1. For the stretch 138-157, what are the residues that are over 17 Å from Leu172 (Cβ atoms) and of a type in the set (Phe, Trp, Tyr)?
2. Given the options Thr176, Thr218, name the one that is surrounded by 19 or more Cβ atoms within 10 Å (Cβ to Cβ) and modelled with pLDDT of 95 or more.
3. Answer yes or no: is there a residue in the stretch 178-196 that is closer than 22 Å to Pro167 by Cβ, of a type outside the set (Gly, Ala, Ser) and in a strand (DSSP E or B).
4. Out of all the residues in the stretch 65-86, which are among the aliphatic types (A, V, I, L, M) and under 18 Å from the mean Cα position of the chain (by Cα)?
5. Could you tell me which residue of the stretch 98-136 is farthest from the chain's Cα centre (by Cα), considering only residues that are assigned to a helix (DSSP H, G or I) and at pLDDT below 70?
6. Which residue pairs have Cβ atoms closer than 9 Å, lie 6 or more positions apart in sequence or on different chains, and pair a first residue in the stretch 131-148 that is at positive phi with a second residue that is part of a helix (DSSP H, G or I) and not hydrophobic (A, V, I, L, M, F, W, C)?
7. Given the residues Ala78, Ala61, which is the only one that is surrounded by fewer than 20 Cβ atoms within 10 Å (Cβ to Cβ), touching a residue at least 24 places away in the same chain (Cβ under 8 Å) and in a helix (DSSP H, G or I)?
8. Kindly indicate the residue of the stretch 14-45 that is part of a strand (DSSP E or B) and free of Cβ contacts under 8 Å to residues at least 60 places away in the same chain and also nearest to Val194 (Cα to Cα) among those meeting that condition.
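The values are calculated or read from the model by the stated rules, or taken from the named source; none is laboratory data. Keep in mind that what you see is a predicted model, and the values were worked out from it rather than measured. Cβ atoms come from the backbone with ideal geometry, glycine included; neighbour counts cover every protein chain shown.
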Amino acid sequence: MSDIILETRQLTKEFKGFTAVSKVDLRVARGSIHALIGPNGAGKTTCFNLLTKFLEPTSGAIVFNGIDITTEQPAQIARRGVIRSFQISAVFPHLTVLENVRLGLQRALGTGFHFWKSEQSLQQLHAKALALLAEVGLEEVAQEQALNLPYGRKRALEIATTLAMEPELLLLDEPTQGMGHEDVHRVAQLIRRVSAGRTILMVEHNMGVVSSIADTITVLQRGAVLAEGVYSDVSRNPQVMQAYMGTTDGQMPGVQ
């Protein structure tokens, strides 16, 4: 199997004459953490929405595991193992932490809507749910209602629920958005930890996070690829510094 798990070819999205994503060629290596960065309005989230078919591309192709998935529906793509999170934490607040993860496991098994089955039928998922909570450091609060978790831990719960879907490619949209420094560091380390044996494509504004965990960075500007490579090279690219800071002097934020 190819070392490239996801590829886009000349991926383009136009909205009534405005080009939000322009001829993007993206290649995500299997087993890597690949960051998609760029100034506000660069087209990063639109790109995510195209990959998961929340938006239809105007032109171009999306290839996953060597198969062209451009015309597939969101549910088909999710069943292939392309699972995403969103900028806003999406958990069920009045369910326990354990129940949130168990719902993800039920969906993966295809039993998410079997409401007529007794709760006993869910016990088979209990151990696996606890194992996922342990992976993200939430096993000690398994019986806590999700609404009582601080924001950073809600994002960890969302990652655990996403992992319950057994993604082959995990798309994380702004996983540290709105967090304080301590939570940012915790979630960045969590992403690094759960990346073992998985592939992660992430949109992230925090350059400290990107510099510490991303293997490859693609920079978008006005919907097009501006630069790509390892952080140390990309961050010193004069075009990238111009896009971020309006100057070619100095360094991007987050570079030591």
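1. Answer for the stretch 138-157, where residues must be over 17 Å from Leu172 (Cβ atoms) and of a type in the set (Phe, Trp, Tyr): there is none.
2. Thr218
3. Within the stretch 178-196, none of the residues are closer than 22 Å to Pro167 by Cβ, of a type outside the set (Gly, Ala, Ser) and in a strand (DSSP E or B).
4. Applying the first criterion (among the aliphatic types (A, V, I, L, M)) to the stretch 65-86 yields 67, 69, 75, 77-78, 82-83.
Hits for the stretch 65-86 are Ala75, Ile77, Ala78, Val82, Ile83.
5. Just the residues of the stretch 98-136 that are assigned to a helix (DSSP H, G or I), to begin with: 98-109, 119-135.
Within this subset, residues satisfying the condition of being at pLDDT below 70 are 107-109, 119-123.
Working: Arg107: 19, Ala108: 18, Leu109: 22, Glu119: 31, Gln120: 33, Ser121: 31, Leu122: 28, Gln123: 29 Å.
Of everything passing the filter in the stretch 98-136, Gln120 is farthest from the chain's Cα centre (by Cα).
6. So the pair list comes out as Gly137/Arg153; Gly137/Arg186; Gly137/Arg193.
7. Step by step, each of Ala78, Ala61 is checked, and only Ala78 is surrounded by fewer than 20 Cβ atoms within 10 Å (Cβ to Cβ), touching a residue at least 24 places away in the same chain (Cβ under 8 Å) and in a helix (DSSP H, G or I).
8. Among them, the one singled out is Arg27.
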